[in-house]
Amino acid sequence: MNVASHLTAAAARTPSKTALFYPRRSRPAGRVSYRAMTFRELDEESDRIAHGLREIGVGRGCRVLLMVPPGVEFLALTFAVFKLGAVLILIDPGMGKRNLLHCIKEVEPQALIAVPLVHALKRLYRNRFREVKQAVTVGRRWFWGGPTLERLRDRAWSRFPMEPVSGEDPAAIFFTTGSTGIPKGVLYLHGMLGAQIRSIQEAFRIGEEEVGFPAFAPFALLCIAMGTTCVLPDMDPTKPAEVDPENILAPIREYGVTYSFGSPAFWNRVSPYCVERGLRLPALRKVLLAGAPVPGELLKRLREILPAGGESYTPYGATEALPVASIAGSEVLAEALERSRQGAGICVGRALPGIALKIIRICDEPIPAWDQSLVLPANGIGEIVVRGPVVTREYYKRAEQTALAKIRDGDSLWHRMGDVGYLDEKGRLWFCGRKNHRVVTAQKTMFTIPCEAIFNQHPSVFRSALVGVGPQSSQRPVIIVEPKDGAMPARARDAERFARELLELAGKSELTRDIRDVLFHRGFPVDFRHNAKIIREQLALWAADKIRGSAGSLRRGKSSP
């Protein structure tokens, strides 16, 4: 059941097959070249590291905080930690120092393997790392003790005796993006990781002959575990919306990448570059997009650059449960997209095999036990709940949040996704936004995704965000618009005209005709991981400030400073 056995098995089956193509930047010119590593070499490297970690006292059940950039070291270290039966902790540094330190203190790592900057942070904030007994520096050690990774790893290879674990043993703690609050640590078991690997492999028909391109760093682990060659991108993983398209396209073409996983923001950067230059990617047959709603225009561009028979997919899920459902881009473009534009929400497809998916009445309180009377009929908007082998059971040391997110049903659990949506007559799931983002007025409840779709029809709108201002249950709905490049109104009369056009659109739909106020914003705050999820909480505070600055009433067409 040890998830590291996937790597060892692949190395046994195809030892000389390339596991990784990874970028190396030369100095001082800064040019990037790619190097290759076979499955046998990667497996043996993880063995060497596992031997060294065991020698310094890292063993079964030890909580190991790993903070190194994506690359060979990250992958070898990850599989080494799994082989030891230790618990891998991944915390994205992009969440900001305050959240980062909070999460470290909460999870209480017992071992630290990290780049020098994190070790310096450890010296400054000792109380956050007080449980750390073993500390390994990846790179140059400065003024602290402990071994470096280079000194720790065994020079001579010998097979590491992988720790036998059950499917119920803890494997990792992965943190959520925290887009609706402080990130939460999600406890993964070895069996859940195994189920996740199988589900992705089967749902998207990924065979061992394929070549993967993970534009979201943790997906590299799944590429290797599935026995496929993995091409690591030359990019800043915290800024997928700012990648250099040519740095991305060159290795995709050179190494014949057949499938990729990335956020909409990543492909929104790469696909226009391809379309403008008439570039196609003949080997790339599957593109998986996740992390935020996928615009129809992006799916259209992908259709232009993928080969005949190529397909895009928009799997739905969360850190706590992934994957849950999926739909092909061709099905979206053929039918669902037009309904989405009219405010039907975003179709994210049918539940994957092994996943039970239901819609229940919206509730902000814990639901201790499952009750079938909670379930809504088709087309009724409510909370999305899921059950299955990829569904995690708890947040680490967050009993209150666990109670809010889980519903016990005999020996199993339903996970409350924190999203709202509905199932149509075909059994397809339509996503309508985050539950916490709904706007409750004195007359009705408004959901973000359906309402925003109405405003997004305007040719000058890049994206929009519905927020509520005022006390709960009697909120005032406000639409905030981020115009496309060059469309930001420069003068008050331009803003008034733009706002008037938007309100005319809103008046044509039952969903949005109660909205009377429009604000313009130069650039929405987005999540650090995918650069795609809109942080509506921040926008709501911004809108409230505008209200206070306008003596208690919003001015139509007011823009950001």
Check R476: other-chain or 5+ apart residues with amide H under 5 Å from its amide H, H built from backbone geometry?
V469, G470
Specify whether the C-alpha gyration tensor of region 347-496 places it in the rounded, prolate or oblate class, a ≥ b ≥ c being the square roots of the eigenvalues: rounded for a/c under 1.5, otherwise prolate if a/b is larger than b/c and oblate if not.
prolate
Modelled FRET efficiency - R0 22 Å, R60 with A9, Cβ distances, 0.05 increments:
0.60
Rg followed by Dmax, in Å, when the chain is reduced to its Cα trace:
24.2, 74
Towards the positive end of the charge dipole of region 324-434, with charges on Cβ (+1 Lys, Arg; -1 Asp, Glu), say which of Q342, N379, G421 has the farthest Cα.
G421
Which of the peptides 220-232, 96-108 is most tightly packed, and how do the rest follow, going by the mean number of other Cβ atoms within 10 Å of each residue?
220-232, 96-108
What would the Debye equation give as log₁₀ I(q)/I(0) for region 189-261 at q = 0.12, 0.13, 0.23, 0.27 Å⁻¹, counting only Cα atoms as equal point scatterers?
-0.34, -0.39, -1.01, -1.22
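When DSSP assigns beta bridges and you keep just the ones with both residues in region 438-559, what percent turn out antiparallel, to the nearest 5?
On the way: 11 of 17 bridges.
Antiparallel bridges: around 65 percent, rounded to the nearest 5.
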Read phi for every residue in region 112-124 and hand back ³J(HN,Hα) as whole Hz from Karplus 6.51 cos²θ - 1.76 cosθ + 1.60, θ = phi - 60°, with x for Gly and Pro.
10, 10, 7, 6, x, 4, 5, 5, 5, 4, 4, 5, 7
Taking every pair of alpha-carbon atoms in region 324-434, give the share separated by more than 20 Å as a whole percent.
41
Name the cysteines of the chain that stand alone by the Cβ rule: no other cysteine Cβ under 4.7 angstrom.
C62, C103, C274, C347, C363, C432, C451
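Based on the mean of other Cβ atoms within 10 Å per residue, sort peptides 195-206, 485-496 so the most packed one is first.
Details: 195-206: 18.2, 485-496: 13.1.
With the highest mean Cβ count within 10 Å placed first, the list reads 195-206, 485-496.
Among M67, M192, what is the fewest-to-most ranking by other Cβ atoms within 10 Å?
Details: M67 22, M192 25.
So the residues, fewest neighbours to most, are M67, M192.
Please report the relative contact order for the chain, taking Cα pairs under 8 Å with a sequence separation of at least 6, and give it as a percent rounded to a whole number. Before the final figure, lay out each step's value.
Values: 1197 pairs, mean separation 57.2, N = 561.
Relative contact order comes out at 10 percent.
Fewest to most neighbouring Cβ within 10 Å: what's the order for K508, K83? Could the numbers behind the result be given before it?
Working: K508 11, K83 26.
If I rank by nearby Cβ atoms, fewest first, I get K508, K83.
Nearest 20 debye, what's the magnitude of the dipole of region 211-278 about its Cα centre given +1 on Lys and Arg Cβ and -1 on Asp and Glu Cβ? Please list the in-between numbers first.
Numbers: 4 positive and 7 negative charges, 37 e Å.
I would put it at about 180 debye.
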Lysines near K286 by alpha-carbon distance under 27 Å, same-chain residues fewer than 8 away left out - which ones?
K17, K239, K300, K426, K533
If you average over every viewing direction, what projected area does the convex hull of the Cα atoms of region 438-559 give, in nm²?
7.3
Nothing charged except the Cβ atoms of Lys and Arg (+1) and of Asp and Glu (-1): what's the magnitude of the dipole of the chain about its Cα centre? Round to the nearest 20 debye.
1440
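If you take the beta carbon distance between R516 and A120 as r and set R0 to 56 Å, what does 1/(1 + (r/R0)^6) give as a FRET efficiency, to the nearest 0.05?
On the way: r = 52 Å, r/R0 = 0.92.
With R0 = 56 Å, the Cβ-Cβ based efficiency is 0.60.
Any read-out appearing in this document is the output of simple, stated calculations on the displayed coordinates, not a laboratory observation. In this text the structure is predicted, and so the values were computed from the model without any measurement. Positions of Cβ are generated from backbone atoms using ideal geometry, with glycine treated the same way; all protein chains shown enter the neighbour counts.
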